[in-house]
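Chemist: Dropping a structure here in structure tokens format, bear with me for questions.
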Amino acid sequence: MAPERAARGRPRTGVREAVIASAQQTLAESGLARTSTKEIARRAGVAESSIFYHFGDRMGLLHAVIQHQLRPLKELLADRPGTEHSLREDVLDLLGALEEFFLAAIPAIAAVQSDAELRESYEKRSRDMDLGPHRAVDAILAHLSPRAATADLRPAALLLAGAAHQRALQRHLSPPDALASLPTRAEIADTLLPVFDSALRGS
């Protein structure tokens, strides 16, 4: 059988999504030190050159992986305008979306932080595009803004984002015994509700 030849011209559709999924999986399993564009391309079933075509460089790929994980949160913000849901429902939805984002993005974030060159490049890109952890707080504020015309919800939003991040971090790193005692999202939401209520009453 003749060896398979790579197709010439513009890469086929779906390559970008396949590469992002492959990079996410490879980072989670092997970490940055053992992650190469060749291995990512092999897992994705594409030519290595496709990675550079779509993402420019390794930093562009890592950045795309992190941004890809924001989709559920962006969809939540787009699909839940107004105040037709209870505050508790909104807090629970935000906790879930943020936790799942952090859970998926932590391997890529850890990869960036473990490499000085990547970290410098990512910090520059984040400054240029106004990206970073503060965006999680901004997302919470945007989602709850119909409830608070003048209330300062930023401290409460920071607590919510921190709780989501901590749950994701523990799911990655904590032993099973510790996970068994991890507060549920509902328990965290019920703890945070008085904080949000107090801020809203002060508006």
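Chemist: Do we find that S198 is of a type in the set (S, T, N, Q), part of a helix (DSSP H, G or I) and closer than 22 Å to L70 by Cα in this structure?
Modeler: Answer is no for this residue.
Chemist: Also: Quick one: would you say S181 is on the phi < 0 side of the Ramachandran plot and modelled with pLDDT of 85 or more?
Modeler: yes
Chemist: Would you mind stating whether L192 is over 22 Å from A28 (Cβ atoms) and touching a residue at least 24 places away in the same chain (Cβ under 8 Å)?
Modeler: Taking the combined requirement at face value, the residue satisfies it.
Chemist: Which of the following residues is surrounded by 12 or more Cβ atoms within 10 Å (Cβ to Cβ) and over 14 Å from G96 (Cα atoms): A168, A151?
Modeler: Numbers: A168 fails: over 14 Å from G96 (Cα atoms).
So the residue among A168, A151 that is surrounded by 12 or more Cβ atoms within 10 Å (Cβ to Cβ) and over 14 Å from G96 (Cα atoms) is A151.
Chemist: Scan segment 171-203 for residues that are within 22 Å of the chain's Cα centre (by Cα), surrounded by fewer than 16 Cβ atoms within 10 Å (Cβ to Cβ), over 21 Å from A105 (Cβ atoms) and small (G, A, S) and report the count.
Modeler: Matching residues across segment 171-203 total 1.
Chemist: How do the helices (runs of 4 or more DSSP H) wholly within segment 14-107 filter down when requiring 2 or more residues that are β-branched (V, I, T): which remain?
Modeler: Here the list reads 15-30, 37-44, 58-68.
Chemist: If you go through segment 134-148 one residue at a time, how many are in a helix (DSSP H, G or I) and surrounded by fewer than 19 Cβ atoms within 10 Å (Cβ to Cβ)?
Modeler: 8
The values are calculated or read from the model by the stated rules, or taken from the named source; none is laboratory data. None of the values given here were measured: they were computed from a predicted structure. Because the Cβ atoms are built from the backbone with ideal geometry, glycine has one as well, and the counts that use them run over all protein chains shown.
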